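The next block holds one structure in the form of structure tokens; read it before the comments.
The values are calculated or read from the model by the stated rules, or taken from the named source; none is laboratory data. It should be emphasised that the depicted structure is a prediction, and the values quoted were computed from it without experimental measurement. Don't worry about glycine lacking a Cβ; one is built from the backbone with ideal geometry, like all the others, and counts go over all protein chains shown.
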Amino acid sequence: MTHAQAALLRAIHHAVTTTGISPTYEELGAAVGLRSRGHVYKSVNALIAQGYVRRGLGQRRRSLEIVRWPTAFGGVCHACGRGPE
């Protein structure tokens, strides 16, 4: 997992736990300092391929959900101490 992917995973988790909805790619990019929506898209797709994130129903916008945390994170979010809901 790259540093950008780890940052995106944390940003998704933060958005979902604070607002109740998953962020858009633009919001993700702004949260982690990536200007290119294409880079965010590729990184999110890599997280999906690695089994950390999945898209919800119908692959709609704002439907990203964390499936599992990397073992390097101890299986939980360092910020809140919780695993995926």
Members of the range 52-64 found to be in a strand (DSSP E or B) and modelled with pLDDT under 90, listed by number: Arg54, Arg55, Leu64
The range 12-24, subset in contact with a Leu (Cβ under 9 Å, 6 or more places away or on another chain) and buried (at least 19 other Cβ atoms within 10 Å of the Cβ), residue farthest from Trp69 (Cα to Cα): Pro23
Leading residue by the ranking (surrounded by the fewest Cβ atoms within 10 Å (Cβ to Cβ)) among those in the range 25-41 that are aliphatic (A, V, I, L, M) and closer than 18 Å to Tyr52 by Cα: Val32
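Within the range 43-66, is there a residue that is small (Gly, Ala, Ser) and surrounded by 15 or more Cβ atoms within 10 Å (Cβ to Cβ)?
So in the range 43-66, the residues small (Gly, Ala, Ser) come out as 43, 46, 49, 51, 56, 58, 63.
Adding the requirement that they be surrounded by 15 or more Cβ atoms within 10 Å (Cβ to Cβ) leaves 43, 46.
Checked against the condition, which is being small (Gly, Ala, Ser) and surrounded by 15 or more Cβ atoms within 10 Å (Cβ to Cβ), the range 43-66 yields at least one hit.
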Filter result (closer than 19 Å to Thr71 by Cβ and of a type in the set (Val, Ile, Thr)) within the range 25-60: Ile48, Val53
